[in-house]
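The values are calculated or read from the model by the stated rules, or taken from the named source; none is laboratory data. What you see is a predicted model; the values in this text were computed from it and never measured. For neighbour counting, all protein chains shown are included, and Cβ atoms are generated from backbone atoms with ideal geometry for every residue, glycine included.
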């Protein structure tokens, strides 16, 4: 599968990208190009800003992902822009991106 990861250079992105590639997927990462994240050397990079996601639409169409995983979705307006930017872009007519979220709560007490 071709998988586009939005924001794949942060805390959880590099391990996710690495695992997707290890499983045999073709992976592209959409990011600002400002991070020195340790990503696999042969992934594709689409440089752009999450706040202006529509500006990269031609690059998204050229990659034609089967799956879009947004690692940094944080608001309703961002979700709406995401859906608009990818409507009809994903191959096989897929139009539902995947939003990934993570919460790290307080550490558990060692005594229970």
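Of everything in the range 45-59, what is touching a helix residue (DSSP H, G or I) at 6+ places or on another chain (Cβ under 7 Å) and within 19 Å of residue 21 (Cβ to Cβ)? Give them in sequence order.
Hit for the range 45-59 is 46, nothing else.
Looking at (1) modelled with pLDDT of 85 or more; (2) surrounded by 16 or more Cβ atoms within 10 Å (Cβ to Cβ), find the lone condition where residue 55 falls short.
Failed condition: (2).
Taking residue 36 and the conditions (1) in contact with a helix residue (DSSP H, G or I) (Cβ under 9 Å, 6 or more places away or on another chain); (2) at pLDDT below 90, which numbered condition does it fall short on, given that it satisfies the others?
Unmet for residue 36, out of (1) in contact with a helix residue (DSSP H, G or I) (Cβ under 9 Å, 6 or more places away or on another chain); (2) at pLDDT below 90: (1).
Residues in the range 65-80 that are over 14 Å from residue 7 (Cβ atoms) and surrounded by 13 or more Cβ atoms within 10 Å (Cβ to Cβ): how many?
3
Scan the range 93-103 and give yes if some residue there is at pLDDT 90 or above and closer than 13 Å to residue 4 by Cα, otherwise no. If you could, list the steps in order and put the result at the bottom.
Taking the range 93-103 as the starting set, the residues that turn out to be at pLDDT 90 or above are none.
Within the range 93-103 (the criterion being at pLDDT 90 or above and closer than 13 Å to residue 4 by Cα), the answer is no, since none of the residues qualifies.
Taking the range 1-32 on its own, how many of its residues are surrounded by 11 or more Cβ atoms within 10 Å (Cβ to Cβ) and out of contact with any helix residue (DSSP H, G or I) (no Cβ under 7 Å at 6 or more places or on another chain)? Quick ask: steps written out before the conclusion?
Taking the range 1-32 first, the residues surrounded by 11 or more Cβ atoms within 10 Å (Cβ to Cβ) are 1-21, 25-32.
Those left that are additionally out of contact with any helix residue (DSSP H, G or I) (no Cβ under 7 Å at 6 or more places or on another chain): 1, 9-21, 25-26, 31-32.
Qualifying residue count, the range 1-32: 18.
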